[in-house]
Each structure stands twice: as C-alpha cells, then as structure tokens.
Amino acid sequence: MCTTVATGTIADVEVVTTGLDVQPDATAACYDLLSETERSRANRFASASDRRRFIVARARLRELLGARLHVPAAAIELSSGPNGKPALGGQFACSDLRFNTSHCEDVAAYAFAYGREVGIDIERVRVMSDADTLASRFFSDDGRATYEAPPASGRPLGFFRSWTRKEAFIKALGEGLDYRAGFDAEQWQLMPFTPAAGFVGAVVIERSPAWQAQ
Ligand SMILES: CC(C)(COP(=O)(O)OP(=O)(O)OC[C@H]1O[C@@H](n2cnc3c(N)ncnc32)[C@H](O)[C@@H]1OP(=O)(O)O)[C@@H](O)C(=O)NCCC(=O)NCCS
C-alpha cells in the first residue's frame, strides 16, 4: 500500500525505509488500518502534513509487523514502555520480534530484530543554529569529535551523524531525553546507514550473548 523505497539487513537488523508522501486515497487506506487510539492521536495533529506522516508511518509499521507475524496489519496490538518506546502488546507480547522506528519529514525508517533490542534514528542533514550548544550539552567526547572533525562546511553532517548515533542508542534502551550514560560497545553495536539522499541514520542493536561472552 505504502511505497517501500529500500530494505536491507545490517548485522542481524532488518532496516526498511519508506516514503511518507502519498496521495489522499492511500492515506485514507492507511487510516483504516489504525487502532482507535492511533486514530485519535492522528486527529489531534494540527498540521495536515504531520497528520498524514503519522498515519502513513504507523500503518506501514503495522504492515511490516503483520507480515513478520503472519497476521493482518489491523490485528497488530501495540503497547508502550515507560518512556514511550512502542513494543508488541496483547497476544503478541510474547513474540521475540523487536522493532523501533524513526521518521523525519517524508521519510520513515524501521528496524526489526529477533530477541535483541534495537533502536533507530534518522535525520535530514541541515544547518542548526544551536548546534554548538546542543553538541556541548548532549554529545559524549566521541560525539563531539565526530561533530568537530570536518571543516565548518561539513559540520551539519558531523552534527547529525553524532545526533542519530546518540538517539539510536537512547531509543534502543527505551530511554528518554534525560539519559546521559555513554555508549557501551561491549553490549551494543552501532551501525550508520543512509536512509535517503540528504539524510543520515544510525541503528543500534544489542549484541548477542555469544559475542558478549567472547
Ligand atoms: C522519542 C525520542 C526518544 C526520539 O524522538 P525523535 O528523534 O524526535 O523522533 P523519531 O522520529 O526518531 O522517533 C519517534 C518514534 O520513536 C518511537 N519512540 C517513542 N518513544 C521512544 C523511546 N523512549 N524509546 C524508543 N523509541 C521511542 C516511536 O515509535 C516514535 O514514533 P511515533 O511518534 O510515530 O510513535 C525522543 O522523545 C527523545 O526523548 N529523544 C531524546 C533527545 C535527546 O536526548 N537528544 C540528545 C541529542 S542527540
């Protein structure tokens, strides 16, 4: 129903990217797949484009989960963790399928893995007037080095590389804005990817117990 622009596997994580800029009839079909709670949330968006993006991104998530669990998209039940991380709920809560999503403008990305937590984040590379302040407030030493490494013209790319890596880690943990601890490479694996032209993305997956035991 919604157009999948790319799918691939990075170190046991399946990553799917999708465009969210669809025609009104496709948006209406997506809306039909949503739960009552999701429809209420959709109807609270003030901006029509934000509403469309939420509807299409959430319907696509349902389709992708439904395909992996062999059930119709509308039958998927979702719950959410203490900081809002979506997870499978109800009759699907026992599944070992793990997922996470990110969307920016008209691009959405989804990460799927089995038995291991995942986090994903994408951003369009753009100039941020408060980049220096955000970098000193939120980035680790490594993150600041990635941000500051390129010459000034390359700083937006460095900033969003660091930003998406930090966000993907926070999202793998299911934490929120206040989370401060550094990245633990013993337990987590980080992989950058390019979701679309002009965008950067990062995926973080829990390492397998076999790797941790080495
Ligand atoms: C949700 C959060 C984790 C990411 O939000 P974001 O980057 O603005 O938005 P994204 O599109 O990448 O992700 C949104 C999706 O993540 C998922 N999500 C929501 N809360 C989540 C959480 N705590 N953990 C993991 N995933 C979460 C949802 O699927 C959500 O999609 P939805 O809005 O359709 O339900 C954000 O609320 C947050 O707390 N970010 C931390 C900010 C921060 O510390 N920044 C430091 C600079 S790097």
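Counting only residues that are assigned to a strand (DSSP E or B) and either within 8 Å of the ligand (Cβ to nearest atom) or not small (G, A, S) (or both), how many does the range 110-144 have? Write out each step before concluding.
At the first step, the residues of the range 110-144 found to be assigned to a strand (DSSP E or B) are 110-114, 118-124.
The next check asks that each one be either within 8 Å of the ligand (Cβ to nearest atom) or not small (G, A, S) (or both); those that pass are 110, 112, 114, 118-124.
Final tally of qualifying residues: 10.
For F54, are the conditions met, namely being within 15 Å of the ligand (Cβ to nearest atom), farther than 22 Å from G119 by Cβ, in contact with a helix residue (DSSP H, G or I) (Cβ under 6 Å, 6 or more places away or on another chain) and not assigned by TED's automatic domain parsing to the domain that holds L173? Taking the combined requirement at face value, the residue does not satisfy it. When we screen A131, A135 for residues that are in the same structural domain as L157 (by TED's automatic domain parsing), in contact with a Lys or Arg (Cβ under 6 Å, 6 or more places away or on another chain) and crowded, with 16+ Cβ neighbours inside 10 Å, the only hit is A135.
Restricting the first member to the range 18-30 and to residues that are in the same structural domain as S49 (by TED's automatic domain parsing), and the second to residues that are buried (at least 16 other Cβ atoms within 10 Å of the Cβ) and of a type in the set (D, E), the beta-carbon pairs closer than 7 Å and six or more apart or on different chains are G19/D106; L20/D106; D21/D106.
Within the range 191-212, which residues are within 13 Å of the ligand (Cβ to nearest atom) and among the small types (G, A, S)?
We begin by selecting, within the range 191-212, every residue within 13 Å of the ligand (Cβ to nearest atom); these are 195, 199-204.
The answer is G201, A202.
Mind checking which residues of the range 145-154 are within 13 Å of the ligand (Cβ to nearest atom) and polar (S, T, N, Q)? Residue satisfying the conditions is T146 alone. In the range 78-109, of all residues being within 18 Å of R39 (Cβ to Cβ) and without any contact (Cβ under 8 Å) to a residue 40 or more places away in the chain, the one that is farthest from the ligand (Cβ to nearest atom) corresponds to G90.
Can you pull out every residue in the range 106-124 that is of a type outside the set (G, A, S) and surrounded by fewer than 16 Cβ atoms within 10 Å (Cβ to Cβ)? Full working, then the answer.
Let us first name the residues in the range 106-124 that are of a type outside the set (G, A, S), namely 106-107, 110, 112, 114, 116-118, 120-124.
Within the range 106-124, Y114 is the sole residue that qualifies.
Could you say whether any residue in the range 175-190 is at pLDDT 85 or above, touching an Asp or Glu at 6+ places or on another chain (Cβ under 6 Å) and near the ligand (Cβ under 8 Å from one of its atoms)? No - not one qualifying residue is present in the range 175-190. Out of contact with any Cys (no Cβ under 7 Å at 6 or more places or on another chain), of a type in the set (K, R) and within 30 Å of C94 (Cβ to Cβ): does that describe R116? So R116 passes the test.
Summed over the range 55-89, the residues that are in a helix (DSSP H, G or I) and under 24 Å from Y179 (Cβ atoms) give a count of 2.
The values are calculated or read from the model by the stated rules, or taken from the named source; none is laboratory data. Since the structure is predicted, the reported quantities are computational estimates derived from the model, not experimental observations. Quick reminder, even Gly has a Cβ in these numbers, built from the backbone with ideal geometry, and neighbours come from all protein chains shown.
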